[in-house]
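Okay, so here's the structure we're looking at.
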C-alpha cells in the first residue's frame, strides 16, 4: 500500500465501527506480552535491516547467506546492489553481517518467526521521502544510487529498532532475555550512531536535485516518524535547535536523546505505525505490505468477518 495514502487511511479509520477497530485512539502504553513475543516482534526489524544492508552491499540477502533463518518466509522484493564508495561499502558490509548475527542470536535464544514479506524497493523508500518532504520528488529518491542516498535510507532503520529494544527491556521477566536484548541494543545503537555520524559529515551538503541539505532531510524524516508514531517527540535529525541538543548547548545531534541524554523508547504499536507508513498498526503497508510476523504484530491486523 503506497505510503502517500496514509492520511486518507487515518481519516477513514475514524469512521469504521468499534467492532472492527480495537482501539478508538492511538495507544501509547506498553502492551502485556511474554518475553518471547517481545523479542520475536523485534525480529521483524532485524529482518528488514539484514535484507536492506546485505542487498545494498552484495546484491543478495539471507537466501544466500543464511537461508534457514527465513524459516520459509518469502524473499524480499526490490533489493539490489547499491553504488557505494569504499568506506560506506565496508561499513554496510559489516552492518549486514551483524544483522545475520542478531537473527541467529534471537533464533537460538527464543526461537524464530518466518521472515515477513518485505518491500525494500527504491519505490518504497521513495514514497517515504516523498511523505517526509510533503511533495513528490523528481527524479524519485533512489537509495541504491549513491553512498549518501543509501546512508539516508539507512537512517530510517536501526534507530526504530533501538527505540523498540529500549521500550521492551522494562517489560522483560527473565534475566536471560534481558541479557540478550541488552546486547542487541548495544550493537543496534552503535549501528545508528555510525550512520548518523557519516551523515553528519555531510550535514551541510545539498542533496541535488532536491535542493535540501542532508541535515534538514534527517529532520524531515524524524518528523515523519514522530508523526506516524503518534506518541510525541522521540526522533531528531543530526543537527537540531540548540535547546534540543545535549544540555541545550549544542546543535550537533549525532546521538538522538531526550533532555537527560537518555534514549527514547517506543512500543510495538508505534513501531508498526512507522514501518507500515500508515500511522495505523492495524493497516499494513510500506516495508511490510502483508504485515509483520509474530504474535504481537499479527494481533494488530484487522481480521475481516
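Where a number appears in this text, it was derived from the coordinates with a stated rule and is not lab data. All values derive from a computational prediction rather than experimental measurement. Every residue, glycine among them, receives a Cβ derived from its backbone with ideal geometry; neighbour counts consider all protein chains shown.
Quick notes on this one:
- Cα-based Rg of the chain normalised by 2.2 N^0.38 Å, two decimals: 0.94
- Ordered from longest to shortest, the equivalent ellipsoid semi-axes for region 17-148 are 28, 24, 13 Å, each the square root of 5 times a Cα gyration tensor eigenvalue.
- Radius of gyration (Cα atoms) of region 27-84, expressed as a multiple of 2.2 N^0.38 Å: 1.39.
- Overall Cα dimensions of region 236-293 - principal axes, largest extent first, Å: 44, 17, 14
- C-alpha center-to-center spacing [region 212-268, region 118-170] in angstrom: 15
- When only Cα pairs below 8 angstrom with a gap of at least 6 residues are kept, region 29-124 shows a relative contact order of 41 percent.
- Cβ crowding within 10 Å averaged over residues, with 218-229, 59-70, 106-117 ranked highest first: 218-229, 106-117, 59-70
- Reduced Cα scattering model of region 67-221, Debye log10 I(q)/I(0), q = 0.20 Å⁻¹: -1.38
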